[in-house]
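Below is one structure; the comments refer to it alone.
The values are calculated or read from the model by the stated rules, or taken from the named source; none is laboratory data. Computed from a predicted structure; not experimentally measured. Virtual Cβ from ideal backbone geometry, glycine too; neighbours counted across all protein chains shown.
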Amino acid sequence: MLQLLMVHQEDACALPGRVNGLPLALTTASAYLYQIAISLADYLGLYNASWTRLQQKTLELLSQRGRACRGRRKLSCQSAEIHHVNV
């Protein structure tokens, strides 16, 4: 029983760190845990998996945005060159 309490205490200490101590995030997590009846350990696992997916998706989007910006810059440079030649 003591080991079980220690695990819960560790999870309880981990949650504020995962949400950067933000009061709204803590309140939302608490309400979710209460309504869904999920363990804190399971919630932290889901939270971490979701956070990892979000980070990966963000990197993908930033990479796509960078490629799009490079393409627009290239078109702008080509357009400027054409305009310069025609002047």
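Considering His8, His83, which residue is at pLDDT below 90 and out of contact with any Leu (no Cβ under 7 Å at 6 or more places or on another chain)? Let's see the steps before the verdict.
Values: His8 fails: out of contact with any Leu (no Cβ under 7 Å at 6 or more places or on another chain).
Checking each option against the conditions leaves just His83.
Here's a check for you: in segment 17-28, which residue that is under 16 Å from the mean Cα position of the chain (by Cα) and in a helix (DSSP H, G or I) is nearest to Ser50 (Cα to Cα)?
Filtering first and then ranking leaves Arg18.
Residue-by-condition table, conditions (1) at pLDDT below 90; (2) surrounded by 10 or more Cβ atoms within 10 Å (Cβ to Cβ):
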{"position": "Arg18", "(1), (2)": "yes, yes"}
{"position": "Leu24", "(1), (2)": "no, no"}
{"position": "Thr27", "(1), (2)": "no, yes"}
{"position": "Asp42", "(1), (2)": "no, yes"}
{"position": "Tyr47", "(1), (2)": "no, yes"}
{"position": "Thr52", "(1), (2)": "no, yes"}
{"position": "Gln56", "(1), (2)": "no, yes"}
{"position": "Gln64", "(1), (2)": "yes, yes"}
